[in-house]
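The values are calculated or read from the model by the stated rules, or taken from the named source; none is laboratory data. From a predicted model like this one, the values you see are computed outputs, not experimental measurements. Note that we place each Cβ from the backbone using ideal geometry, even for glycine, and neighbour counts take in every protein chain shown. The accessibility values were calculated without ligands, DNA or RNA, using every heavy atom of the protein model including side chains. Shrake-Rupley method; radii C 1.70, N 1.55, O 1.52, S 1.80 Å.
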Amino acid sequence: MSDPGRGYHDMGGLPAGPVERGEHDYALWEKRVDALLVLLSDKTRDLVRVDELRRGIEQLGPGAYDELSYYERWIASITGVLLGKGVFTSDELGRRMAEVEARAAGDRT
Amino acid sequence: MSDTGQHSHDHTPRPDQDGPPSYYQAMETAVRELLIERGVVTAEEVRAAVEAMDARGPAQGARVVARAWSDPAFKARLLKDGSAACAELGIDMGPTHLVVVENGEKLHNVIVCTLCSCYPRFLIGLPPDWYKARAYRSRVVREPRAVLGEFGTEIPDDWEVRVHDSTADMRYMVLPRRPEGTEGWSEAQLAGLVTRDCMIGVTLPKAP
Amino acid sequence: MTTRFAPGDRVRVRWAHPPGHIRTPYYVRGKTGVIERVCGSFRNPEELAYARDGQPARPLYRVHFDQRTLWPGYQGRAKDGVEVEIFEHWLEPAGAAKEGGT
């Protein structure tokens, strides 16, 4: 970025290639990420604000911003907000992710 | 400027069950399970929220457009307060403040979110991939006619093009003009002419 | 709600580049436009982004910019425009004779 005062996500007016119109149907896990944000940002919970989600995405940095898919960016950011608020710890999350991966491996055998 | 990241990921369906879960899929499952165990959300709420978003889609917006084409008083209310008018039709707009922008005889509107991907999702469902991608977000504010041309939409030189950048709390829907030759059509017939892309403003409804 | 601007007022977007979560796009900063409507008052996203309450709510406007004031050499009709939502603290009054730019 030539201008440090311009966020990487703030792209209005920059040169870019043609619009590629291919589309994909969202996978169930992507829809669940969307659902989690709808729930966590609702009036009763107010736990992950949309602006917190966006800030987390903006702070992923240029590499991750382009390399991750849309809902990968979302879950990465939602998770960061929840860690920051102490809803769970990194250790709890890491152990649970390992369990999830082990369960999936078991399901495939 | 390339846009490879988003495209290489987003262009093909990624089913849940094939192969090991990706790092981020595992993260989603783990986060969801922990949130359920800690009583922040319930499994039922997550399921219901997925179903509710699945039920939203362009057909819902098409119904609103068809009603506006058929009922001038409704159209006036829709332009004044989009969310309230949609609620009249039983549509749950959630937290959305909907602004409806009307195409005119020589005025074309198109919607974007240059900063992220704000979209009238409570009305017409989740956005298409191209709406969230760098090419559309970067270019449509600066060269709208060229971008519209890539969608096959040629706007005559003497028309005004107005781009709406959803930067804060409003969400936008384009109200296209009713095509010629549809006199006497029912709302259901009219709704059949209205596509998602018409409501984003990258295409125009096709005359019958 | 007390608002500093009304529809039709000419405003200039502040030329500023603070770090943080900013919803005023770079391409309109320092540019002059016209208030299209007052959207209402909304919690400040720059504060909400850091888990604060975003209060007091701030007036939010839709501002119309002529394309030709945003992009040098804009190809298109003179009346083509962009409308952007901007919070009041990013806007200052613009003199009637001033044209866009920084």
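Determine whether residue C:62 is out of contact with any His (no Cβ under 7 Å at 6 or more places or on another chain), within 20 Å of residue B:95 (Cβ to Cβ) and more than 14 Å from chain A (Cβ to nearest Cβ). Criteria met by residue C:62. Tell me, please, whether a residue that is in a helix (DSSP H, G or I), open to solvent by 10 Å² or more (accessible area, probe 1.4 Å) and among the basic types (Lys, Arg) can be found in the range B:110-126. Yes, the range B:110-126 contains a residue that is in a helix (DSSP H, G or I), open to solvent by 10 Å² or more (accessible area, probe 1.4 Å) and among the basic types (Lys, Arg). Summed over the range C:1-56, the residues that are of a type in the set (A, V, I, L, M), surrounded by fewer than 20 Cβ atoms within 10 Å (Cβ to Cβ) and part of a loop (DSSP other than H, G, I, E, B) give a count of 4.
Being in contact with a Lys or Arg (Cβ under 6 Å, 6 or more places away or on another chain) and in contact (Cβ under 8 Å) with a residue 60 or more places away in the chain is the filter here; which residues of the range C:10-48 pass it? Hits for the range C:10-48 are C:13, C:15, C:32. So for the range B:57-77 (the condition being among the acidic types (Asp, Glu) and at pLDDT below 95), does at least one residue qualify? Scanning the range B:57-77 turns up no residue that is among the acidic types (Asp, Glu) and at pLDDT below 95.
The residues listed here are A:27, A:16, A:64; of these, the one that is within 27 Å of residue B:148 (Cα to Cα) and not charged (D, E, K, R) is A:16.
Quickly run through the range B:149-167 and pick out the residues that are within 11 Å of chain C (Cβ to nearest Cβ) and either more than 26 Å from residue C:38 (Cβ to Cβ) or open to solvent by 10 Å² or more (accessible area, probe 1.4 Å) (or both). Walk me through it before giving the result.
Filtering the range B:149-167 down to residues within 11 Å of chain C (Cβ to nearest Cβ) leaves B:155-167.
Listed by number, the residues that qualify are B:155, B:156, B:157, B:158, B:159, B:160, B:162.
Closer than 19 Å to residue A:16 by Cβ and either in contact (Cβ under 8 Å) with a residue 40 or more places away in the chain or of a type outside the set (Asp, Glu) (or both): is that true of residue B:146 in this structure? The answer is yes for residue B:146.
For residue C:80, state whether it is surrounded by fewer than 19 Cβ atoms within 10 Å (Cβ to Cβ) and either more than 29 Å from residue A:59 (Cβ to Cβ) or more than 8 Å from every other protein chain (Cβ to nearest Cβ) (or both). Outline the logic, then answer.
Working: surrounded by fewer than 19 Cβ atoms within 10 Å (Cβ to Cβ): no; either more than 29 Å from residue A:59 (Cβ to Cβ) or more than 8 Å from every other protein chain (Cβ to nearest Cβ) (or both): yes.
Here the answer is no, as residue C:80 does not meet what is asked.
Counting only helices (runs of 4 or more DSSP H) that sit completely within the range A:20-85, those holding 1 or more residues that are at pLDDT 95 or above, in contact with a helix residue (DSSP H, G or I) (Cβ under 6 Å, 6 or more places away or on another chain) and open to solvent by less than 40 Å² (accessible area, probe 1.4 Å) correspond to A:28-40, A:50-58, A:70-84.
Every listed requirement among (1) open to solvent by 40 Å² or more (accessible area, probe 1.4 Å); (2) within 13 Å of residue B:70 (Cα to Cα) is met by residue B:175 save one, (1). Considering the range B:1-34, and only residues there that are at pLDDT 90 or above and more than 7 Å from every other protein chain (Cβ to nearest Cβ), the residue that is farthest from residue A:21 (Cα to Cα) turns out to be B:23. Scanning for something open to solvent by 50 Å² or more (accessible area, probe 1.4 Å), of a type in the set (A, V, I, L, M, F, W, C), out of contact with any Phe, Trp or Tyr (no Cβ under 7 Å at 6 or more places or on another chain) and more than 10 Å from every other protein chain (Cβ to nearest Cβ), does the range B:60-76 turn up at least one residue? Yes, because at least one residue in the range B:60-76 is open to solvent by 50 Å² or more (accessible area, probe 1.4 Å), of a type in the set (A, V, I, L, M, F, W, C), out of contact with any Phe, Trp or Tyr (no Cβ under 7 Å at 6 or more places or on another chain) and more than 10 Å from every other protein chain (Cβ to nearest Cβ).
Among the conditions (1) under 24 Å from residue B:21 (Cβ atoms); (2) surrounded by fewer than 17 Cβ atoms within 10 Å (Cβ to Cβ); (3) without any contact (Cβ under 8 Å) to a residue 12 or more places away in the chain, the only one that residue A:5 does not satisfy is (1). Among the residues of the range B:190-201, is any within 13 Å of chain A (Cβ to nearest Cβ) and open to solvent by less than 10 Å² (accessible area, probe 1.4 Å)? Yes, the range B:190-201 contains a residue that is within 13 Å of chain A (Cβ to nearest Cβ) and open to solvent by less than 10 Å² (accessible area, probe 1.4 Å). Number of residues in the range B:158-193 that are within 22 Å of residue B:85 (Cα to Cα), assigned to a loop (DSSP other than H, G, I, E, B) and among the acidic types (Asp, Glu) equals 1. Applying a threshold of 6 Å to beta carbon distances and a minimum spacing of six or more residues, or different chains, the list of pairs starting in the range A:63-74 at a residue that is more than 7 Å from every other protein chain (Cβ to nearest Cβ) and ending at one that is outside any helix (DSSP H, G or I) reads A:65/A:8.
When residue A:54 is tested against (1) under 24 Å from residue B:36 (Cα atoms); (2) away from chain C (no Cβ under 12 Å), only condition (2) is not met. Restricted to the range A:86-109, and to residues there that are among the aliphatic types (A, V, I, L, M) and in a helix (DSSP H, G or I), the residue that is nearest to residue B:27 (Cα to Cα) is A:97. Scanning the range B:31-45 for residues that are part of a helix (DSSP H, G or I) and either in contact with a Gly (Cβ under 7 Å, 6 or more places away or on another chain) or open to solvent by 10 Å² or more (accessible area, probe 1.4 Å) (or both) yields B:32, B:33, B:36, B:37, B:43, B:44, B:45.
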